[in-house]
């Protein structure tokens, strides 16, 4: 059987003040009547049934997500006691799936990506499942459209095989977020993809890679797996999880794994990571302003204004991000959106967690 794992953890601090500790980014309705989590679930139909969709989320967020998609069984929500990065989260989900089906193939997906061509997305996932059956750790690469310094990259090596029109290549290396100049050089070479953070592999394969490359994490996961069988899961998870080192799946496993395949695909993909990226998904007027709510702008261009319960009136504004909530107003130049998370960190340092 094949299963989908939707990674829905994290508070999404770059989309503050709408995204908060009590209202995670995947649960937000930012550019649609559906939340990003609901969109992520819907695009899996009919490739995965609700019974075969699992979710990893923070323990304080699972109930919010579960209410949004009641068709997914409650037991399919895997709670993290605290954030420990993608490697432990994926490992924890793999343990749960291995207990159900030791031969399972899992597609690791995210709840905060926009995918415009959902048909292509389902097709490439189906072919990646086939490639994973051969023991590959498969990652989806996105064909880059511009030299973005915001994304990681994957170098494509020799061609391994072709699956119904999708070509799989040996992943030579993972490149962390480069400078704009280096990104341009990679685009000129033509054999680099954006790292989408989406993966497909057999549960047994990823657990073996974790055993070889992250033995301490593997030891914790095996103790959790044993507890899952013996009925002491919650107790053992509470003991083990705080001691697990934070790590991403890229650093922890993928960069040094030997059988990694990348399938580049063009499916109108976007990581909705900050207010600037969200603006590209919203309709704009002839002057480039994207607004939601009660907003009036005069002599203003290229702004994103997310209104709340009151009127927002602007005159002579340019390239600004304005987000209004009942307790907070964010005003930020579009070139500074990367610093929004710093503002959240400052609030926490100053003891103002109620606003974070």
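The values are calculated or read from the model by the stated rules, or taken from the named source; none is laboratory data. Here the structure is a predicted model, which means the values were calculated and not measured. Cβ atoms come from the backbone with ideal geometry, glycine included; neighbour counts cover every protein chain shown.
Key figures
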{"quantity": "Given (1) modelled with pLDDT under 95; (2) farther than 25 Å from residue 272 by Cα; (3) buried (at least 22 other Cβ atoms within 10 Å of the Cβ), number of the condition residue 112 does not satisfy", "calculated": "(2)"}
{"quantity": "Selection within the range 132-145 - in contact with a helix residue (DSSP H, G or I) (Cβ under 8 Å, 6 or more places away or on another chain) and surrounded by fewer than 20 Cβ atoms within 10 Å (Cβ to Cβ)", "calculated": "135, 144"}
{"quantity": "Number of positions in the range 92-137 that are closer than 24 Å to residue 266 by Cα and not in a loop (DSSP other than H, G, I, E, B)", "calculated": "25"}
{"quantity": "Among the candidates 203, 236, residue that is in the same structural domain as residue 121 (by TED's automatic domain parsing), under 29 Å from residue 98 (Cα atoms) and free of Cβ contacts under 8 Å to residues at least 40 places away in the same chain", "calculated": "236"}
{"quantity": "Any chance residue 173 is in contact (Cβ under 8 Å) with a residue 12 or more places away in the chain, over 24 Å from residue 123 (Cα atoms), assigned to a strand (DSSP E or B) and assigned by TED's automatic domain parsing to the domain that holds residue 76", "calculated": "yes"}
{"quantity": "Boolean, residue 59 is touching a strand residue (DSSP E or B) at 6+ places or on another chain (Cβ under 8 Å), over 18 Å from residue 274 (Cβ atoms), surrounded by fewer than 16 Cβ atoms within 10 Å (Cβ to Cβ) and assigned by TED's automatic domain parsing to the domain that holds residue 128", "calculated": "yes"}
{"quantity": "Scan of the range 224-253 for residues that are assigned to a helix (DSSP H, G or I) and over 15 Å from residue 89 (Cα atoms), ordered by number", "calculated": "226, 227, 228, 229, 230, 233, 234, 235, 236, 239"}
{"quantity": "Wholly enclosed strands (runs of 3 or more DSSP E) of the range 294-356 bearing at least 1 residues under 24 Å from the mean Cα position of the chain (by Cα), over 19 Å from residue 23 (Cβ atoms) and without any contact (Cβ under 8 Å) to a residue 40 or more places away in the chain", "calculated": "304-306"}
{"quantity": "Strands (runs of 3 or more DSSP E) contained in the range 1-91 and holding at least 3 residues closer than 22 Å to residue 114 by Cα", "calculated": "2-7, 53-58"}
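Residues are listed down the side, and each one gets a yes or a no for (1) loosely packed, with under 14 Cβ neighbours inside 10 Å; (2) under 24 Å from the mean Cα position of the chain (by Cα); (3) outside the structural domain of residue 96 (by TED's automatic domain parsing):
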position	(1), (2), (3)
223	no, no, no
228	no, no, no
241	no, yes, no
261	no, yes, no
282	no, yes, yes
